[in-house]
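Notes follow the structure.
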Amino acid sequence: MLQPLPIRREQPPDDAVVVIRAGVMDRQGLEEAASRCFDGYGVLGISVEAAINTPVATACRTSRHLIRYRHVRLSTFGRLRASGFAVVATFAHPHFTLTLPDLSELTIARLDRCFDEPIPNPGRPGQG
């Protein structure tokens, strides 16, 4: 049974705010994450976090989710919006759900181009 996606009522972040995706964003991982979101909430989406008024390294270090990953990928809300992706404030701050229209090769490639190449997670000890 589907649950409503828990949406926070807040203003969208500025275009310059950095968006952090845990991991390297390989196609299989993206498909699995988006499918889990769809199965639970009826929306194709992936989890991201925002570095709002905080450096990326601090956001990665203080996030219980991000700190577990060896690599992260960075984008901005502006880059994602300019490519037609909606990013919705969901769950607890600073979590957002980046929604996808479908899981086609074209969509995954467009999403991949929005993010920088994977970098070592700057929040992990010895990497930042």
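Rule-based calculations on the coordinates, nothing more; no lab input. Since the model is a prediction, treat every value here as computed from it, not as a measurement. Methodologically, a virtual Cβ is constructed for each residue, glycine included, from the backbone with ideal geometry; neighbour enumeration extends over all protein chains shown.
Using label points projected 7 Å from each Cα along Cα→Cβ, tell me how many nm separate Thr58 and Ile119, to one decimal.
Rounded to a tenth, the inter-label distance reads 1.6 nm.
Could you tell me which of rounded, prolate or oblate describes the chain, using a ≥ b ≥ c as the square roots of the eigenvalues of the alpha-carbon gyration tensor, with rounded for a/c under 1.5 and, failing that, prolate when a/b is larger than b/c and oblate otherwise? Walk me through the numbers before you get to the answer.
Numbers: a/c = 1.43, a/b = 1.28, b/c = 1.11.
It comes out rounded by the Cα gyration axes.
When you count, for each residue, the other Cβ atoms within 10 Å and take the mean per peptide, how do 2-11, 23-32, 56-65 rank with the highest first? List each step's numbers first, then the result.
Details: 2-11: 9.6, 23-32: 14.6, 56-65: 16.3.
Ranked by mean Cβ neighbours within 10 Å, highest first: 56-65, 23-32, 2-11.
If neighbour count is taken as other Cβ atoms inside 10 Å, put Ser104, Ser47 in order from fewest to most.
Least crowded to most crowded, the residues run Ser104, Ser47.
Report the net charge of residues surrounding Asp112, where surrounding means a beta-carbon distance below 14 angstrom and charges are Lys +1, Arg +1, Asp -1, Glu -1.
Working: positive: Arg21, Arg27, Arg73, Arg79, Arg110, Arg113; negative: Asp26, Glu31, Glu105, Asp116, Glu117.
Overall, the nearby charge balance is +1.
For the chain, what is the calculated [θ] at 222 nm in deg cm²/dmol (nearest 500), taking -39500 (n - 2.57) for each run of four or more DSSP H residues and dividing by its residue count? Each step should come with its number before you reach the end.
Details: 4 runs with 38 residues, N = 128.
When only DSSP H runs of four or more count, the value is -8500 deg cm²/dmol.
Around Val72, which amide H atoms from residues at least 5 apart in sequence, or from another chain, sit under 5 Å from its own amide H, with H modelled in the peptide plane?
Gly23, Ile119, Asn121
Residue by residue, what Karplus-based ³J(HN,Hα) values in Hz, rounded to whole numbers, does the stretch 38-52 have, using 6.51, -1.76 and 1.60 with θ = phi - 60° and x for Gly and Pro?
3J(HN,Hα) across the stretch 38-52, in whole Hz: 5, 4, x, 10, x, 10, 6, x, 10, 7, 9, 10, 10, 9, 8.
Once amide H atoms are built 1.01 Å from N in the peptide plane, which residues 5 or more positions from Gly45, or in another chain, come under 5 Å H to H?
The list, which skips near neighbours in sequence, is Cys37, Phe38, Leu100.
Assigning unit charges at the beta carbon (Lys, Arg +1; Asp, Glu -1) and nothing else, what dipole magnitude in debye, to the nearest 20, does the stretch 18-120 show about its Cα centre? Could you put the intermediate results ahead of the total?
Details: 12 positive and 10 negative charges, 75 e Å.
I would put it at about 360 debye.
Just check the stretch 20-59 against the gyration tensor rule for me: Cα atoms, a ≥ b ≥ c as the square roots of the eigenvalues, rounded for a/c under 1.5, and otherwise prolate or oblate depending on whether a/b exceeds b/c.
Details: a/c = 4.63, a/b = 1.86, b/c = 2.49.
Judged from the Cα gyration tensor, the stretch 20-59 comes out oblate (a/c at least 1.5, b/c at or above a/b).
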